[in-house]
Amino acid sequence: NEGMANPKEKTFSFVVVGGGIAGVTCVEQLASQIPSADVALITAGPHIKAVTNYKQVSKLLEEFDVEECPSSVLEEKFHNLTVIHSAVKSLHTQSHTVETADGCVFGYEKLCICSGGRPKLLTQDNPNVLGIRDTDSAQEFQKRLSKAKRIVVVGNGGIALELVYEVEGCEVVWAIKDKAIGNTFFDAGAAQFLIPLLEADKPERASPCKRPRYTTEESAPSCGSGPTEAGSALGPDWHEGIVLRGAEQVSHRVLLQYQCEVEKIFTSEELLNSPQQTVGPENGSWPIYVQLTNGNTFGCDFVVSATGVVPNTEPFLHSNKFALADDGGLQVDDHMMTSEQDVYAAGDVCTACWEHSPLWQQMRLWTQARQMGWYAGRCMVAHLLSEPIELDFCFELFSHITKFFSYKVVLLGKFNGQGLGPNHELLVRCTKGQEYVKVVLSGGRMVGAVLIGETDLEETFENLILNQMDLTPYGEELLNPNIDIEDYFD
Ligand SMILES: Cc1cc2nc3c(=O)[nH]c(=O)nc-3n(C[C@H](O)[C@H](O)[C@H](O)COP(=O)(O)OP(=O)(O)OC[C@H]3O[C@@H](n4cnc5c(N)ncnc54)[C@H](O)[C@@H]3O)c2cc1C
């Protein structure tokens, strides 16, 4: 029906695109704040992500579980909400409309884009190069792993870190571009604390995972495939529900390759056809080979590309001139507004471009997706009602709780000295196998901390960072394990 205008199905006060944590949290705000407003959630995947068991650990640290559930759960809760299962194909900011893949057009007064991101793949067209993003890709990974003897993992963020630790029964070659593992989250000291765990047998899990496991239901039919129709990103404990075991009997066998990147990827045929390439006695027997910039070449069953995410912006860019950040995200200001009128964005798809608090930085994490979705919803409501709104307190101080290698990990502020240059000092306390505590000081004031293990220091340190007290008089006593620091500062 070329040339025929699509029927405009309906105009909503608010339209939110994306059923991940950012989109769902935004929709919950909108639908509950203005019960008389019509709200639509348009999402490509069959399920939505819901935050459950939300717990405020301290002023800023929060913990929660994430459940994948059918969208009817949301619609039952909010009678002013309509969930539309289709991918947005294009956005027309002039006419304030979005068009979906199934040909429907929806109008909006205010729109929030929460379409997340997708894994940055080393190469798009090699079936032996996998990315992990959603439940489907995690299952595909598990299936492939069960038959694998060796895999190569590329990347040094949270996903690679957990993956390398969790995989058993398969040799893992881990290629990282930094000098230390987990560079996104830690420094070399913390890496040293964790490395012995990569070599040791893993302890039996004492108790089952506290968090609900990700469901592995069949995807709903008619969702198609392709980058824009993927489901939402997995979150904490994504590997808990699935067994990550390869075809061999070994427990952990990790071969670390530091300070290198992938130079070239080739198939066994390509290897056999280029006589100058040799990889030892196993020449040609693997389905895929990875040549690293350090000169080493490894054959393996498949490669996991865990080098970060690319914001899902394409469908929105065709007929609009969004300001994009260097990382490809939609630029948002301190009201989560993009450069296009009445269009907001939150979560992995956006890049926070306001002047950040000196103690905050954006990281594409679960917690920030929730905070941004929540705040974007508040801003959209405030703007509709012409009420003032200020940047939320949660953007004052970066805070994140997670788990690496079964240890509790708390990250606060400029935990890695980010952007501080040489003008900072570190205090470290480490008990092998038990805890690692690092404090970042700048001008005698605490600006960041890494806490690994059950340190019980998070609340005190959060306060010390927030109140910017001069800690010079305390010197190294600050980390003296024999002093109850909480009493000290009371
Ligand atoms: C394997 C893995 C492990 C992770 N582990 C952690 C962790 O331990 N801790 C942590 O904090 N973070 C972790 N993260 C990051 C975290 O999952 C993300 O930061 C977070 O989920 C982002 O939420 P979001 O709502 O912005 O995007 P997403 O969760 O990606 O949701 C995007 C939604 O948009 C929909 N969508 C996309 N395009 C369109 C379109 N064109 N039209 C309609 N709908 C569309 C998708 O279907 C999806 O529902 C992990 C990520 C991965 C992949």
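The values are calculated or read from the model by the stated rules, or taken from the named source; none is laboratory data. Computed from a prediction, not measured in an experiment: that's the story for all the values here. Glycine gets a Cβ as well: all are built from the backbone with ideal geometry, and neighbour counts include every protein chain shown. Just the protein is used for accessible areas: all its heavy atoms, side chains included, with ligands, DNA and RNA removed. Shrake-Rupley method; radii C 1.70, N 1.55, O 1.52, S 1.80 Å.
What to note about this one:
- Residue among 412, 464, 426, 391 that alone is part of a loop (DSSP other than H, G, I, E, B), surrounded by 12 or more Cβ atoms within 10 Å (Cβ to Cβ) and on the phi < 0 side of the Ramachandran plot: 391
- Within this structure, residue 159 fails the test of being modelled with pLDDT of 85 or more and either in contact with a His (Cβ under 9 Å, 6 or more places away or on another chain) or outside any helix (DSSP H, G or I) (or both).
- Among the residues listed as 476, 396, the single one being among the acidic types (Asp, Glu), modelled with pLDDT of 95 or more and either surrounded by fewer than 16 Cβ atoms within 10 Å (Cβ to Cβ) or in contact with a Phe, Trp or Tyr (Cβ under 8 Å, 6 or more places away or on another chain) (or both): 396
- Scanning segment 118-128 for residues being in contact with a strand residue (DSSP E or B) (Cβ under 6 Å, 6 or more places away or on another chain) and either open to solvent by less than 10 Å² (accessible area, probe 1.4 Å) or free of Cβ contacts under 8 Å to residues at least 12 places away in the same chain (or both) gives a total of 0.
- Each residue in segment 145-171 was checked for being away from the ligand (no atom under 16 Å from the Cβ) and either more than 22 Å from the chain's Cα centre (by Cα) or without any contact (Cβ under 8 Å) to a residue 60 or more places away in the chain (or both), and 9 of them qualify.
- As a summary of the residue check, residue 130 satisfies the conditions (1) more than 25 Å from residue 25 (Cβ to Cβ); (2) away from the ligand (no atom under 12 Å from the Cβ); (3) at pLDDT 90 or above except for the one numbered (2).
- Summed over segment 293-342, the residues that are of a type in the set (Ser, Thr, Tyr), away from the ligand (no atom under 16 Å from the Cβ) and in contact (Cβ under 8 Å) with a residue 24 or more places away in the chain give a count of 1.
- Tally, over segment 31-59, of residues that are outside any strand (DSSP E or B), under 26 Å from the mean Cα position of the chain (by Cα) and of a type in the set (A, V, I, L, M): 3
- Only listed residue being among the hydrophobic types (A, V, I, L, M, F, W, C) and at pLDDT 95 or above, chosen from 349, 290: 349
- Residues that are of a type in the set (D, E, K, R) and at negative phi were ranked within segment 438-461; the one that is surrounded by the fewest Cβ atoms within 10 Å (Cβ to Cβ) is 454.
- Residue check, residue 402 open to solvent by 10 Å² or more (accessible area, probe 1.4 Å), out of contact with any helix residue (DSSP H, G or I) (no Cβ under 9 Å at 6 or more places or on another chain) and within 13 Å of the ligand (Cβ to nearest atom): no
- Among the residues of segment 62-89, the ones that are touching a Phe, Trp or Tyr at 6+ places or on another chain (Cβ under 8 Å), within 14 Å of residue 43 (Cα to Cα) and within 11 Å of the ligand (Cβ to nearest atom) come to 3 in all.
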